[in-house]
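This report refers to the structure that appears directly beneath it.
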Amino acid sequence: MALPLPRPLQTWLPRRWRSAPPIDTGLWLGVTSALPFVTALSIREQERLRTLCAHFLQEKEFHGAHGLVITDRMALTIAAQACLPLLQMHCAHGNVAQEDAEKLDWYGDFVGIVVQPGAAVAQREVTDGMGVVHRYREVLAGEAMDRGPVMLSWDEVSRAAELTPLGKNVVIHEFAHKLDMHGMGRAQQPDGAPPLPPGFLGLGADDARQHWRNTMQEAYTGFKEAVAMAERFGGEPPWLDDYAATHPAEFFAVTCEAYFVQRERFAQELPALLPLYDGFFRSVA
Ligand SMILES: [Zn+2]
C-alpha cells in the first residue's frame with residue numbers, strides 16, 4: 001500500500017505500510033554491477049534487495065565527515081551491502097516478515113551513518129588490572145555502536161570488489177555487529193551470539209542458544225590457536241583477518257563478511273559455521 005505521507009509521519013506506520021521512493025534503474029545497475037556478491041544473486045533476490053534498499057535509504061541519514069559529500073551512488077553502495085544479510089532472514093522479533101522492509105527493525109536502534117573519507121582515528125582509553133590507564137590511538141575502517149550510528153570509511157567501502165576475493169567487507173562487518181547487538185541490555189556487550197529465530201535448526205530456544213555458543217566457541221578457539229601458531233612459529237596464517245582473534249564479537253563480524261562474499265571458501269575453511277550461519281541468515285529461505 002503506497003501512502004504519500006512525508007517521512008516523519010511514515011515512521012509511525014508499521015513498516016509494511018510505508019512506501020519508499022523507488023531506486024532509479026541506472027543507479028541500481030551501476031552500483032550493483034561493482035558488487036560481485038550482489039550480481040551473484042538471482043534476479044528475484046536482486047529485486048527484493050533493491051526494495052529493501054529503498055526503505056533503508058528512506059530511514060537512514062548519511063553524514064559525510066570532513067567535508068565528504070555523500071552521493072546517491074555512495075549511499076546506495078552502502079545500503080546494498082548493509083541490507084544483503086537481511087534478505088533471507090526472519091524479523092528481529094523472530095516472526096517471518098510479511099514484507100522484507102519489516103526486517104529493517106534489526107537496524108532500528110539508529111538512524112545515522114557517518115562516512116569518513118579515509119580511515120578514522122579514535123582515541124581509546126583502557127584501565128588495566130593494576131589500575132593504570134592506557135591511552136592509545138586506533139585506526140578504524142568502521143565502527144558500530146549500540147543505539148548509535150554506524151561509522152564507515154569510504155576508502156574501505158569503495159574497495160568492496162577488490163576485497164571480495166579476500167572474504168572482506170567492512171559494511172557487512174559493521175552491520176553484523178548491529179545484528180549481534182540487537183536487543184542487548186544497556187550494560188551488555190556484543191558477544192557474537194545474536195538473537196536466534198524460533199525453531200533455529202529444529203532446536204528449542206535454550207538448546208539453540210547453547211548450540212550456537214558451543215559451535216562459535218570451538219571455531220573461535222581454533223582460529224585463535226591458528227593465529228598464535230602463525231605468529232610464534234611462522235606457520236601459515238589462517239584465512240581471514242587475525243583481528244577476528246581479538247574478541248568473539250569480532251570473530252562473528254569477520255566471519256560474516258566471508259560468509260556473504262566468499263561462501264565457498266567459507267564453507268571449506270569454517271565448515272562448522274556454515275549450517276549455523278545458514279540457520280540464522282537463511283531462516284526463511
Ligand atoms: Zn568489529
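In terms of other Cβ atoms within 10 Å, K224, K168 run from fewest to most in the order K224, K168. This model, with +1 at the C-beta of Lys and Arg and -1 at the C-beta of Asp and Glu, gives the chain a dipole about its Cα centre of some 660 debye. The order of H66, H211, H177, going from fewest to most other C-beta atoms within 10 Å of their C-beta, is H66, H211, H177. Taken about its Cα centre, region 65-187 carries a charge dipole of roughly 260 debye when the Cβ of each Lys and Arg holds +1 and the Cβ of each Asp and Glu holds -1. The fewest-to-most ranking of V126, V261 by surrounding Cβ atoms within 10 Å reads V126, V261. Couplings for region 267-275, taken from phi via the Karplus curve 6.51 cos²θ - 1.76 cosθ + 1.60 with θ = phi - 60°, read 5, 6, 7, 10, x, 5, 7, 4, x Hz in order; Gly and Pro are left as x.
Counting residues in region 49-155 as N, plug N into 2.2 N^0.38 Å and put the Cα Rg over that result. The partial results should precede the final answer.
On the way: Rg = 16.8 Å, N = 107, 2.2 N^0.38 = 13.0 Å.
In units of the globular-protein estimate, region 49-155 measures up at 1.29.
A simple rule links phi to the HN-Hα coupling: the Karplus curve 6.51 cos²θ - 1.76 cosθ + 1.60 with θ = phi - 60°, which for region 228-234 gives 5, 4, 5, 5, 7, 10, x Hz, with x for Gly and Pro.
Residue-wise HN-Hα couplings along region 103-114, as the Karplus relation 6.51 cos²θ - 1.76 cosθ + 1.60 with θ = phi - 60° gives them from phi, are 5, 5, 4, 4, 10, x, 8, 8, 10, x, 10, 9 Hz; Gly and Pro carry x. Ellipticity at 222 nm from helices only: DSSP H runs of n ≥ 4 in the chain, each -39500 (n - 2.57), divided by the residue count, give -13000 deg cm²/dmol.
What is the Cα radius of gyration of region 123-270 over 2.2 N^0.38 Å, N being its residue count?
Details: Rg = 16.6 Å, N = 148, 2.2 N^0.38 = 14.7 Å.
That works out to 1.13 for region 123-270.
Considering only the Cα atoms of region 91-142, their convex hull presents on average a projected area of 6.5 nm².
Entry for the chain at q = 0.15 Å⁻¹: log10 I(q)/I(0) = -1.26, Debye formula applied to identical alpha-carbon scatterers, no solvent contribution. If you model region 229-280 as an ellipsoid using its alpha carbon gyration tensor, with each semi-axis the square root of five times an eigenvalue, the axes come out at 21, 13, 9 Å, biggest first.
Of all the options G167, G204, G64, the one that moves most in a Gaussian network model of the chain with Cα springs shorter than 10 angstrom is G204.
Throughout, read-outs are computed from the coordinates displayed, never taken from laboratory work. This is a predicted model, so every value here is computed, not measured. Note that each Cβ is placed from the backbone with ideal geometry, even for glycine, and that neighbours are counted across all protein chains shown.
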